[in-house]
Amino acid sequence: MSHDSHPAPGNFLTKYVFSSDHKVIGIQFLFSGMFFWILGGLLAIGVRLQLGWPNQALTELLKWFPSLADSIPASWGSRISPEFYTMLFTMHATVMIFFVVVPWLGGAFGNYLIPLMIGAKDMAFPKLNMLSYWILWPAFFFLLASFFVDGGAAGSGWTAYPTLSSATQNAEIPDPGLEAAAKASAPANSPAQASLEPSLWERIKSRWNSPAAGQSGQGQVYWLLALIFSGTSSMMGSVNYITTILNCRAPGMTLMRMPLTIWGMFVTAILQSLALPVLTVALIMQFLDRTVGTVFFLPPAGLSFGNWQTGTGGGQPLLWQHLFWFYSHPAVYIMILPAMGMVSDVLVAFCRKPLFGYMPMVFSMIAIAGLGFIVWGHHMFQSGMDPRLGTGFMVATILIALPSAVKIFNWLATIWGSRIRFTSASLNALAFISMFIIGGLSGIYMASTPVDIYIHDTYFIVAHIHYVLFLSSMFGIYAGIHFWFPKMFGRTMNETLGKTHFFLTFLLANGTFFPMHILGIRGHPRRYYDPTIFDWLASVQPLNQFVSICAILLGLVQVIFLANFLFSIFFGPKSGRNPWDVNTLEWETPSPPGHGNFETTPIVLRGPYEYAVAEAPGGRLSQTGIIHDSTQQGKHS
Amino acid sequence: MHRFWSLLFATVNLACLALLVVAFACPELGWWLPDSASTQAIEIDSLFYLITALCGFFFVATEGILIYSLWKFPSTAPGNPKPIHGHLGLEIGWTIAPLVGLLVITAASLPVWQAARYQGIPTSTLPGNSETSPDADQVILVTARQWDWHLKYATEPLSSEGIRQWAAEGTPSDLVVANELHVWKGAKVSLLLRTTDVIHSFFVPALRLKQDTLPGKTIPMRFEATVSNVRFDPAEGRVVPTDTKGSWEIACAELCGGNHFRMRGKLFVHPDRKSYDAWLDHSKRQTRSRSLTAMVPQAASSIQKDGFTQ
Ligand code: HEM
Ligand SMILES: [Cu+2]
Ligand SMILES: [Cu+2]
């Protein structure tokens, strides 16, 4: 295999920066994700400040931090502007989805765990793997730079629906601004006609600014570029994961002996590689609409915006939604299947009992992935798509709840009759299960097309998203970090801090997101700058305020996690090879594992979940058959 | 200590449930579904409760088992776990049970969806369905733009073919009003939704009606109001509230720019056609001199003729 040929790194730069070692790359993804996690969290708090105290948040804030006054644009007066608000929620979602959850699950855990858990020395394509991380940097650049360009970062939602995101002024009709600029720069005696004709470059530049949305100027173009690069990164990762899992497994590691974490990663990688090209194409089409003036998403007669118009079109705004959701629905599973796998492994480790129903668990993941490709239309029930398509998508969507339910029952059966050790890792995993039940159930409301007529684009959706992505995927990530931290850094995280963080996060996240169901049932539309102008929403303003307070506290308590994480890297107690006493292969290696991972190639004898085995010492059987005594491990690691 | 975690899970789940129950049981809080004032609203609400009943059962059962397990099976409990790897019967059982519930939801949803949305599809492509455009008592063309709604009321009876013609060209006697939807109780209202610029979404909570407007398309929508909230008072020359129902609002539900939240309109359901006609006559007299029709941009109208066909 190719990984045999790649030498141990020589110097600091090749070891820690431009490394092709999957473990280093995984940790790089982990740290970049952490940076964006903080950024995304701050953006969310901005959103909640406005919604909790519409039009007053800034005044209040200035009382506390008077030094901010200088950095607030004069045009805002004493409030966050509506355009700025659209930027806040657009960038919050973009950052959290494409720069936190996807890179953490796929990039960080995928990279770190796949070779270790299947008994490989490294990924199949280590150089490609390195590239998959570094190609994220252009994406980081465009994402961060977009905050500083004219008009600010993108503001047409993370879904970026045309024509809001893409409509540009007809470049054939001279832009008054451009004309004035040309006049100003032209020498007084030169023929004015010649200099008035905008050059191609000027036309392209003028298209970068979409007057359709105050906040979709150049920021939207940067947004598109950022997503194209981050998608390329995921694509490289997926190809690598699929190849590695198919070709680099240790002897005896049959597919049906793979831990569920690996199954989650495997199915996710397949989803990614099939769905991502479609998103990339859509992004490029919108990019072309915005820059060179193609009309993929502009209807034939063009659009009229009061005092300005687009040119004539020939495209279809709905096309974007189909392409976007063809990727983004599978993407929601990309953001949860690896977490489901990790949670299964963490759960079994602390229940000391075999996983209940390994095969049904694997098949339900495959079913979710398969059905996941034919349900994208459930995001478009009210879009003006033919309602008969809505019927078909409803049936498929309702069916996809079934494998999710099967997974829940199997987790419950795993816990039933076990002996649970409550650790930070296992508590977060248990919370995943409990909260995924709520998120899955709210999905059923929206899958029913008539009910969705009412709750579509209300806070009910926002509640659903956050129950599956924050209260499920993020809790899965917390569980994973607590669980594999000893392997990554050779030390364990502090349990007291871990449990405190869990306790507060669990309470506050429910306080933040559960009342959103009520807001949605009341009919509160999402992406609203100021709901209080509506009579029928006045009654829920106290809930909005409660949500905002919980959200701000929720943001604050994440500092506990961050501090615990950073502190433990340097000062946590040394952990040894197998601190949790687990069967899977990664725990056979030193903590942290050296280059090439395994001292000797492991030979896999059995599945990963042989616990509660009365005859075996310690009640468990390692996948390799070597029975380790965890108390002795610390010495030779 | 381990009991603590079981109790935490119990508390959080019960608190969530309690919030739902309180919101449902105390309508005066205004935390539940708003007034429901159309045939569609009644059906959608019943579906909502059906799903809530089934999901509520599933929720209580699964969270209950989880919380009980945390209480009952901590690592300190005596004895050892059994090495059980699965059970075929159980797997079959818990696949079929939710499947039945899900199929019930699907079956209950289908007719409501059809009633709400299947009109306007050309009959030739839809076997056994009603005609393209069943007789409507009222036809209203809703044109969305950044950031308001323009409603054009047809004042003469229209045939189903005539509707398309009218949507594109209009007739001189039409009335155009900004942000006010006037109908009468029991009228079969046919809406035609379109936009001149970006996607918006016409959302009337009291009618449980929501439909995106799509650039380049005219989308038909129907409803029938079942409760009235105003009547026209000729003496005062304006509509006055009839009972405690108060005002019903119209909102935009699809992000359409910075002022998305400002696309606020009002729904007025008159008790009968007489009141509506009085309002219509009055408004026409009021606006004749002002030639309000000029306010509706006609730019995109030429492409709207083909109605729903994609
Ligand atoms: C039981 C399974 C599920 C069902 C039946 C379901 C159903 C739905 C439906 C019908 C919508 C569209 C609602 C609307 O816009 O009107 C939706 C939105 C969404 N779902 Fe799910 N869902 C399920 C599980 C999940 C999972 C596991 C995730 C992610 C981990 C997820 C993430 C999302 C997101 C992010 C959106 C909102 C996208 C947006 O409009 O911004 N869902 N879901
Ligand atoms: Cu979806
Ligand atoms: Cu809007």
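The values are calculated or read from the model by the stated rules, or taken from the named source; none is laboratory data. Just so you know, these numbers come straight off a predicted model, no measurement behind them. Glycine gets a Cβ as well: all are built from the backbone with ideal geometry, and neighbour counts include every protein chain shown.
Based on this model, can you work out whether B:L17 counts as facing another protein chain (nearest Cβ under 10 Å), part of a helix (DSSP H, G or I) and either of a type in the set (V, I, T) or in contact with a helix residue (DSSP H, G or I) (Cβ under 7 Å, 6 or more places away or on another chain) (or both)? No. State whether the residues of the range A:483-495 include one that is in contact with a Phe, Trp or Tyr (Cβ under 6 Å, 6 or more places away or on another chain), touching a residue at least 24 places away in the same chain (Cβ under 8 Å), within 14 Å of chain B (Cβ to nearest Cβ) and assigned to a helix (DSSP H, G or I). No: zero hits. Restricting the range B:247-261 to residues that are touching a helix residue (DSSP H, G or I) at 6+ places or on another chain (Cβ under 8 Å) and more than 7 Å from chain A (Cβ to nearest Cβ), the residue that is farthest from ligand 3 (Cβ to nearest atom) is B:W248.
Might you let me know whether the range A:318-330 holds any residue that is within 16 Å of ligand 2 (Cβ to nearest atom) and within 24 Å of A:L255 (Cα to Cα)? Yes: one or more hits. Being aromatic (F, W, Y) and away from every other protein chain (no Cβ under 14 Å) is the filter here; which residues of the range B:220-246 pass it? Passing the criteria: only B:F232.
Annotation for the range A:537-544: no member residue is in contact (Cβ under 8 Å) with a residue 60 or more places away in the chain, over 13 Å from B:G30 (Cβ atoms) and more than 7 Å from every other protein chain (Cβ to nearest Cβ). Picking from residues in the range B:21-35 that are within 24 Å of B:V60 (Cα to Cα) and within 8 Å of chain A (Cβ to nearest Cβ), the one that is surrounded by the fewest Cβ atoms within 10 Å (Cβ to Cβ) is B:W32. Condition first: surrounded by fewer than 24 Cβ atoms within 10 Å (Cβ to Cβ) and within 20 Å of the chain's Cα centre (by Cα). Can you find one or more residues in the range A:485-503 that meet it? No: the range A:485-503 contains no residue that is surrounded by fewer than 24 Cβ atoms within 10 Å (Cβ to Cβ) and within 20 Å of the chain's Cα centre (by Cα). Within the range B:248-265, count every residue that is under 30 Å from A:S165 (Cβ atoms) and away from ligand 1 (no atom under 16 Å from the Cβ). Number of matching residues: 10. Considering only residues that are modelled with pLDDT under 90, of a type in the set (G, A, S) and out of contact with any Leu (no Cβ under 9 Å at 6 or more places or on another chain), which ones fall in the range B:145-186? The answer is B:S159, B:S160, B:G162, B:A168, B:S173.
Consider A:G306 carefully, then state whether it is part of a loop (DSSP other than H, G, I, E, B), buried (at least 19 other Cβ atoms within 10 Å of the Cβ) and within 14 Å of chain B (Cβ to nearest Cβ). Taking the combined requirement at face value, the residue does not satisfy it.
Checking each residue in the range A:291-350 for being within 16 Å of ligand 1 (Cβ to nearest atom) and aromatic (F, W, Y) picks out A:W320, A:F324, A:W325, A:F326, A:Y327, A:Y333.
The residue of the range A:300-327 that is nearest to A:S383 (Cα to Cα), among those that are within 16 Å of ligand 3 (Cβ to nearest atom) and at pLDDT below 95, is A:P317.
Evaluation of B:A77 against the conditions (1) hydrophobic (A, V, I, L, M, F, W, C); (2) facing chain A (nearest Cβ under 9 Å); (3) part of a helix (DSSP H, G or I) shows that the sole unmet condition is (3).
Just one of the listed residues (B:K185, B:K217) is at the interface with chain A (Cβ under 10 Å from one of its Cβ atoms), more than 17 Å from B:W113 (Cα to Cα), surrounded by fewer than 24 Cβ atoms within 10 Å (Cβ to Cβ) and not aliphatic (A, V, I, L, M), and it is B:K217.
Taking (1) surrounded by 24 or more Cβ atoms within 10 Å (Cβ to Cβ); (2) closer than 30 Å to A:I242 by Cα in turn, A:F297 satisfies each apart from (2).
Scanning the range A:355-362 finds no residues that are β-branched (V, I, T), within 13 Å of ligand 1 (Cβ to nearest atom) and either out of contact with any Leu (no Cβ under 7 Å at 6 or more places or on another chain) or closer than 30 Å to B:I219 by Cβ (or both). For the range B:35-83, the set of residues classified as under 18 Å from B:L102 (Cβ atoms) and aliphatic (A, V, I, L, M) consists of B:L47, B:L50, B:I51, B:A53, B:L54, B:V60, B:A61, listed by residue number.
Here B:Q119 meets the list (1) touching a residue at least 40 places away in the same chain (Cβ under 8 Å); (2) within 9 Å of chain A (Cβ to nearest Cβ); (3) farther than 17 Å from A:A401 by Cβ almost entirely, failing just condition (2). Scanning the range A:602-624 for residues that are within 10 Å of chain B (Cβ to nearest Cβ) and assigned to a helix (DSSP H, G or I) gives a single hit, A:G619.
Examine the range A:546-557 for a residue that is crowded, with 23+ Cβ neighbours inside 10 Å, assigned to a strand (DSSP E or B) and either modelled with pLDDT of 95 or more or more than 10 Å from chain B (Cβ to nearest Cβ) (or both), and state whether such a residue exists. Within the range A:546-557, none of the residues are crowded, with 23+ Cβ neighbours inside 10 Å, assigned to a strand (DSSP E or B) and either modelled with pLDDT of 95 or more or more than 10 Å from chain B (Cβ to nearest Cβ) (or both).
Listed here are the residues, each with its yes/no results for (1) under 23 Å from B:F261 (Cβ atoms); (2) touching a His at 6+ places or on another chain (Cβ under 7 Å); (3) more than 16 Å from ligand 1 (Cβ to nearest atom).
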position	(1), (2), (3)
A:L430	no, no, yes
A:T449	no, no, no
A:Y459	yes, yes, no
A:F470	no, no, no
A:A479	no, no, no
A:F485	no, no, yes
A:M488	no, no, yes
A:E495	no, no, yes
A:A509	no, no, no
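Residues in the range B:141-163 that are over 24 Å from the mean Cα position of the chain (by Cα), in a helix (DSSP H, G or I) and either surrounded by 17 or more Cβ atoms within 10 Å (Cβ to Cβ) or among the acidic types (D, E) (or both): 1 in all.
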